[in-house]
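Novice: Supplied in structure tokens, the structure appears directly below.
The values are calculated or read from the model by the stated rules, or taken from the named source; none is laboratory data. Bear in mind the structure is a predicted one, so any value in this text is a computation, not a measurement. Neighbour counts run over all protein chains shown; Cβ positions are idealised from the backbone, glycine included.
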Amino acid sequence: MTTGFLPVDLAGPVFLPAPKDAETLTIPRIGQSFVRRHYVFLIVLGLAALVRLVTMTAYFPAFWYSDSFGYLPPALHPYPFAVRPVGYSLLLLWPLRVVHSVAAVAVVQHVFGLLAGTLIYVLLRRRFRFAGWTATLAAAPVLLSAYEVQLEHFMMSDALFMILAVTALVIALWRQVPSIVACIAVGLLLAAAAITRIEGLPMAATFALAVLISPASFPERLVRVVALAVSFVFPLLVYASWFEDVHGSFELESAYGGAFLAARVEPFADCAVIHPPANERWLCLSTPVSRRLPPDDYLWGPAAVTPLAKPPTGPAFSAATSAVAAKFAIHAIERQPLAYAASVWRMFLQTFKWNSGPYTNGQQTWMFPARQPKTVAQLARTVPGSTDQSFYQYNGGRNPDTKFRQPWAGILRVYQDFAVVAPPALAGILIAGLIGVCLALRRRGGPAFLPWITGMLMLLLPAAVSSYEARYVVPTVPFFCIAAALGIREIGNRNQRPDT
């Protein structure tokens, strides 16, 4: 009996409709899925890009500061600057010189800010499996803070230093035990950060310490630390050799290291206690300690030109006098350790009151200005021996002065009154990270350890060897945001067993 149906092998191939859940993924579908998963972050990222676009419009092409005069000449004709390392000039300004546009540098620095926030989000989402909104919350201070946007707009090294440090941190945290290749990459990034800002030098110690306490066998940890150390030290040796060829001393900088340190101890140094040798006594102050000025005043302010009252600065300062000043400062620290510690602590506390206090170069120095900023010619007159010729040359002969455009500047002025990482918020972030680190000690360090301890080092080092400036706080914010996010997770996991 026939049924009216042919056997399968005789009827040819049978094509059945594919189930809906097996539909082929297309680019639009992938894009829609990506947007659904990350829409909160994409909204914040879009707002952050808009703020930076308004900044470029309101203050075109960039902000200038006295430090900018030391960065542009080495970008046009590379040479090691005696006052500070020129990593910013070599790694960013020199490659972009072919564009002949200061605005291009500002745009790249704003992209660095967006990239830093994106790296924080990706790290927390992909590596530590945070929810989208919590990872976005951790990235928001970097993306939206007016203080961050302002510093990105200055022709200074802060934005480059931050992205180098944040990238190194993300690579170091991407695996519980970083690979040897990752350690080499971290070492190279930290070396680039160190020749961009001298404060980056001790950061390698915290990264090496984090590798040493990672949950791996001792030989594995040792190999990784060696890889990190070699990749960190080698670029610095190359730079120091270049510096020696030009200036005659195997250093990263020679003219101001001792001056900064001597100015740092002048507020408390008592020569009756120190008993410095004869060649250092010109640094002794007769002013009572209770009436001493902040360190910056002895380096750059009116006190710096009083004969024999403090170290000479500007063109008058040399490698020889810097070496003498460094010895004087070391003697002061060794023989007045409590006074030095108290001075550092008082300066560190300025972190939490950015716009007040005798030791404060407040955030108002870096805020969006309410009027036309100084021209580069006006700034050049405040920096001995400087001219504005390199500014014009770098900008292709066009006027590099900052334009002031309304109503955009007014919008940013209102924005900066609200979108900031205020000192109380920073204190809360710092404390959350610290609690997480303490709880993570039972887990052999935990991921919150590295960002928190590195951020603290970045805050304390300027207070210990130079002076406080509000802009030094901004590059630490990504570190503390990551530490706080991981710390809060540790607080939530505090009831788990240590081996979970």
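Novice: Looking at segment 60-82, I want the residues that are more than 14 Å from Y392 (Cα to Cα) and have a partner that is acidic (D, E) and surrounded by fewer than 17 Cβ atoms within 10 Å (Cβ to Cβ) with Cβ atoms under 8 Å, at least 6 apart or on another chain. Which pairs are those?
Specialist: none
Novice: Tell me, please, whether a residue that is under 22 Å from P294 (Cβ atoms) and over 26 Å from the mean Cα position of the chain (by Cα) can be found in segment 253-267. Break it down stepwise before answering.
Specialist: Residues of segment 253-267 under 22 Å from P294 (Cβ atoms): 255-267.
From the residues that got through so far, the ones that are over 26 Å from the mean Cα position of the chain (by Cα) too are 266-267.
Yes, because at least one residue in segment 253-267 is under 22 Å from P294 (Cβ atoms) and over 26 Å from the mean Cα position of the chain (by Cα).
Novice: Consider G248 against the criteria (1) surrounded by 15 or more Cβ atoms within 10 Å (Cβ to Cβ); (2) on the phi > 0 side of the Ramachandran plot: it satisfies all of them except one. Which criterion is unmet?
Specialist: Going through the list (1) surrounded by 15 or more Cβ atoms within 10 Å (Cβ to Cβ); (2) on the phi > 0 side of the Ramachandran plot, G248 breaks only (1).
Novice: Do we find that I120 is modelled with pLDDT of 95 or more, surrounded by 20 or more Cβ atoms within 10 Å (Cβ to Cβ), among the β-branched types (V, I, T) and part of a helix (DSSP H, G or I) in this structure? Before you say what the answer is, go through the steps one by one.
Specialist: Numbers: modelled with pLDDT of 95 or more: yes; surrounded by 20 or more Cβ atoms within 10 Å (Cβ to Cβ): yes; among the β-branched types (V, I, T): yes; part of a helix (DSSP H, G or I): yes.
Considered against the rule, which asks whether it is modelled with pLDDT of 95 or more, surrounded by 20 or more Cβ atoms within 10 Å (Cβ to Cβ), among the β-branched types (V, I, T) and part of a helix (DSSP H, G or I), I120 comes out as yes.
Novice: Condition (residue is in a loop (DSSP other than H, G, I, E, B), more than 26 Å from the chain's Cα centre (by Cα) and modelled with pLDDT of 75 or more) applied to segment 359-367: is it met by at least one residue?
Specialist: Taking segment 359-367 and keeping what is in a loop (DSSP other than H, G, I, E, B), we get 359-362, 367.
Cutting the leftovers down to more than 26 Å from the chain's Cα centre (by Cα) gives us none.
Within segment 359-367 (the criterion being in a loop (DSSP other than H, G, I, E, B), more than 26 Å from the chain's Cα centre (by Cα) and modelled with pLDDT of 75 or more), the answer is no, since none of the residues qualifies.
Novice: Sticking with this one: Among the candidates R175, R197, R264, R224, single out the residue that is surrounded by fewer than 21 Cβ atoms within 10 Å (Cβ to Cβ) and of a type in the set (D, E, K, R). Please lay out each step first, then the result.
Specialist: On the way: R197 fails: surrounded by fewer than 21 Cβ atoms within 10 Å (Cβ to Cβ); R264 fails: surrounded by fewer than 21 Cβ atoms within 10 Å (Cβ to Cβ); R224 fails: surrounded by fewer than 21 Cβ atoms within 10 Å (Cβ to Cβ).
It is R175.
Novice: Out of curiosity, is A49 in the same structural domain as N399 (by TED's automatic domain parsing) and modelled with pLDDT of 90 or more? Spell out the reasoning first.
Specialist: Working: in the same structural domain as N399 (by TED's automatic domain parsing): yes; modelled with pLDDT of 90 or more: yes.
Taking the combined requirement at face value, the residue satisfies it.
Novice: If the requirement is being surrounded by 13 or more Cβ atoms within 10 Å (Cβ to Cβ), among the hydroxyl-bearing types (S, T, Y), out of contact with any Gly (no Cβ under 7 Å at 6 or more places or on another chain) and closer than 18 Å to R371 by Cβ, which of these qualifies: Y394, Y415? Outline the logic, then answer.
Specialist: Working: Y394 fails: closer than 18 Å to R371 by Cβ.
The conditions single out Y415.
Novice: Next question, about the same structure. Any residue at all in segment 409-425 that's within 18 Å of L164 (Cα to Cα), outside any loop (DSSP other than H, G, I, E, B) and at pLDDT 85 or above? Give the derivation first.
Specialist: Initially, segment 409-425 is screened for residues within 18 Å of L164 (Cα to Cα), giving none.
No, segment 409-425 has no match at all.
Novice: Filter segment 219-271 down to residues that are among the acidic types (D, E) and part of a helix (DSSP H, G or I), then give me how many there are.
Specialist: Step one: list which residues in segment 219-271 are among the acidic types (D, E), which gives 220, 244-245, 251, 253, 266, 270.
Then drop every residue that is not part of a helix (DSSP H, G or I), which leaves 220, 244-245.
Count: 3.
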